[in-house]
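Heads up: the structure comes next, in structure tokens.
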Amino acid sequence: MAGEQTDFKSIIRLDSELNQIQDLDLLLERILLEARKVVHADAGSIYVRESPINQGEGEWIEKLAIKYAQNDTLQKALPPGQKLIYSVFSVVINEQSISGYCALTQSLVNVPDVYHIPEGAPYSYSTSYDKISGYKTVSCLAVPLATAEGRLLGVIQMINSKDEQGNTVPFSKDDEFLITHFASNATVALQRAYMTRAMILRMIKMSELRDPKETGPHVNRVASYAVEIYDRWAYHQGISQREREKFRDTLKIAAMLHDVGKVAISDIILKKPARFTTDEYLIMQHHTIYGAALFDDPQSSLDSIARDIALTHHENWDGTGYPGWIDVVTEKPIKCDEYGKPVGRKGEEIPLCGRIVAIADVFDALCSKRVYKESWPEKQVLGEIQNLAGTKFDPGLVDIFFEILPNIKQIQSLYPESEG
């Protein structure tokens with residue numbers, strides 16, 4: 001009973017902490033982590049409900065998409081600081097799988113042994129997951145993330161409860177009670193994060209209406225790459241987990257807004273189906289200044305970081321980028337050359353967040369098809385990123401980019417261009 005009271009107090013404490021996380025993806029990852037702690041699960045996954053897909057002739061299909069997977073046993077086998085790579089897939093919301101059944105019925109499902117599911121249960125377990133991962137699932141506990149109005153947001157699936165001796169045991173009735181309360185609190189935090197994400201994506205949509213290249217998947221990928229690069233950089237710098245999580249949350253949202261200043265650029269330029277002329281390119285460069293000006297009266301750390309990213313993500317490590325040292329309000333140089341033009345920022349004069357987003361943005365642009373170019377082959381893209389280290393990009397951050405390349409590739413699969 002004492003342990004249960006301690007766990008319940010932890011849930012109440014977490015309620016406040018979860019509501020401080022602004023970004024949806026980072027919140028989902030944290031929810032999965034804390035849910036596992038609550039019920040002592042060795043592994044687990046969190047799924048979100050996807051938009052229904054029209055199969056034609058009035059037939060619609062609904063799916064759950066995996067967002068994050070965690071596994072302590074597999075994680076311990078990795079080098080320090082390296083993150084677990086997991087398969088990205090979707091599950092149909094129906095009676096055939098445990099998570100699908102949980103979503104369909106919006107009810108908790110507790111299976112003591114997935115290899116011996118009771119006769120009469122409508123769902124089954126595919127052992128192919130275990131063969132792929134090299135990890136055997138035994139006990140499984142799935143709980144829906146549903147609003148008070150009955151709207152399904154997703155499913156948390158806990159795997160392999162561990163007792164004090166480290167043995168795998170079934171999830172208990174106490175675990176069911178705790179995870180249900182945790183899921184209820186987490187759903188409230190998720191609703192708020194969904195609203196924040198919706199507001200951000202509406203701003204992105206404004207840019208997308210002006211610039212077809214500025215899509216939801218693009219900004220999600222760039223922001224996610226940026227967070228991964230920062231996280232590994234911070235790990236190497238010995239920055240505390242708490243500080244890293246706080247900055248990651250702010251960076252993720254700010255990075256999504258890196259090109260919001262394009263709303264002030266003429267359609268004639270933005271929607272031109274070809275490369276820009278020299279004059280058009282100079283006009284286009286002003287999107288950095290316009291974007292920074294939107295956040296020039298900072299009310300929070302998010303405003304400050306969004307301003308720095310919007311202004312400096314096109315600066316180059318060697319000082320040849322733009323817009324350089326310039327006042328975003330007056331658009332007059334703060335530092336200028338002999339011709340009166342702004343001097344470019346270089347090296348660590350460029351804020352860390354700007355240097356990170358520069359790599360993330362260029363990588364995604366090279367990998368993506370545009371009206372004036374095809375997507376580059378992966379080998380060519382990676383070669384270009386390496387070649388630009390020390391001139392366009394911070395060479396230390398380029399090293400980190402290659403260090404986390406598997407994570408980068410996983411993000412590409414999470415946010416395909418066909419989305420939205």
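See the values below:
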read-out: Considering residues of segment 373-393 that are in a loop (DSSP other than H, G, I, E, B) and of a type in the set (Gly, Ala, Ser) only, the residue nearest to Gly321 (Cα to Cα); value: Gly390
read-out: Subset tally (residues that are within 23 Å of Ile385 (Cα to Cα), of a type in the set (A, V, I, L, M) and in contact (Cβ under 8 Å) with a residue 60 or more places away in the chain) for segment 223-253; value: 5
read-out: Subset of segment 173-190 (residues that are surrounded by fewer than 16 Cβ atoms within 10 Å (Cβ to Cβ) and over 11 Å from Val143 (Cα atoms)); value: Lys173, Asp174, Val188
read-out: In segment 13-49, the residues that are under 20 Å from Met256 (Cβ atoms) and not in a helix (DSSP H, G or I); value: Gln20, Ile21, Gln22, Asp23, Val48
read-out: Qualifying positions in segment 109-126 - more than 20 Å from Gln70 (Cβ to Cβ) and either of a type outside the set (Ser, Thr, Tyr) or surrounded by fewer than 19 Cβ atoms within 10 Å (Cβ to Cβ) (or both); value: Pro112, Asp113, Tyr115, His116, Ile117, Pro118, Glu119, Gly120, Ala121, Pro122, Ser124
read-out: Yes/no for Ile132 being assigned by TED's automatic domain parsing to the domain that holds Val39, in a helix (DSSP H, G or I) and more than 22 Å from His40 (Cα to Cα); value: yes
read-out: Residue match in segment 289-303 (condition: assigned by TED's automatic domain parsing to the domain that holds Glu331, closer than 22 Å to Val222 by Cα and touching a His at 6+ places or on another chain (Cβ under 7 Å)); value: no
read-out: Qualifying residue in segment 333-350 (condition: touching a residue at least 24 places away in the same chain (Cβ under 8 Å), under 20 Å from Asp259 (Cα atoms), surrounded by 13 or more Cβ atoms within 10 Å (Cβ to Cβ) and not hydrophobic (A, V, I, L, M, F, W, C)); value: yes
read-out: Which listed residue, of Arg197, Arg202, Arg248, Arg244, is more than 21 Å from Phe363 (Cβ to Cβ), in a helix (DSSP H, G or I), touching a Leu at 6+ places or on another chain (Cβ under 7 Å) and basic (Lys, Arg); value: Arg197
read-out: Top-ranked residue of segment 296-322 - restricted to ones that are part of a loop (DSSP other than H, G, I, E, B) and without any contact (Cβ under 8 Å) to a residue 24 or more places away in the chain, ranked as nearest to the chain's Cα centre (by Cα); value: Ser300
read-out: Residue under evaluation Ile66, criteria (1) assigned to a strand (DSSP E or B); (2) at pLDDT 95 or above, criterion not met; value: (2)
read-out: Single residue of Glu417, Glu403 found to be acidic (Asp, Glu) and closer than 18 Å to Tyr230 by Cα; value: Glu403
read-out: Any hit, segment 331-344, residues being part of a loop (DSSP other than H, G, I, E, B) and within 17 Å of the chain's Cα centre (by Cα); value: no
read-out: Selection from segment 130-145 of residues that are without any contact (Cβ under 8 Å) to a residue 12 or more places away in the chain, surrounded by 13 or more Cβ atoms within 10 Å (Cβ to Cβ) and either closer than 15 Å to Pro170 by Cβ or out of contact with any Lys or Arg (no Cβ under 7 Å at 6 or more places or on another chain) (or both); value: Lys136
read-out: Candidate set: segment 55-104, residues that are farther than 16 Å from Glu29 by Cα and charged (D, E, K, R); chosen: the one surrounded by the most Cβ atoms within 10 Å (Cβ to Cβ); value: Lys63
read-out: Test: residue in segment 293-304 that is surrounded by 18 or more Cβ atoms within 10 Å (Cβ to Cβ), more than 23 Å from Gly396 (Cα to Cα) and out of contact with any helix residue (DSSP H, G or I) (no Cβ under 9 Å at 6 or more places or on another chain); value: no
read-out: Number of the condition not met by Pro212 [criteria: (1) in a loop (DSSP other than H, G, I, E, B); (2) modelled with pLDDT under 85; (3) buried (at least 20 other Cβ atoms within 10 Å of the Cβ)]; value: (3)
read-out: Any pair with Cβ under 6 angstrom, 6 or more apart, that starts in segment 391-420 at a residue that is surrounded by fewer than 18 Cβ atoms within 10 Å (Cβ to Cβ) and ends at one that is modelled with pLDDT of 95 or more and not basic (Lys, Arg); value: Thr391/Asp318; Pro395/Ala389
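The values are calculated or read from the model by the stated rules, or taken from the named source; none is laboratory data. Quantities reported herein were computed from a predicted structural model and do not represent experimental measurements. Cβ sites come from the backbone with ideal geometry, for glycine too, and all protein chains shown count toward neighbours.
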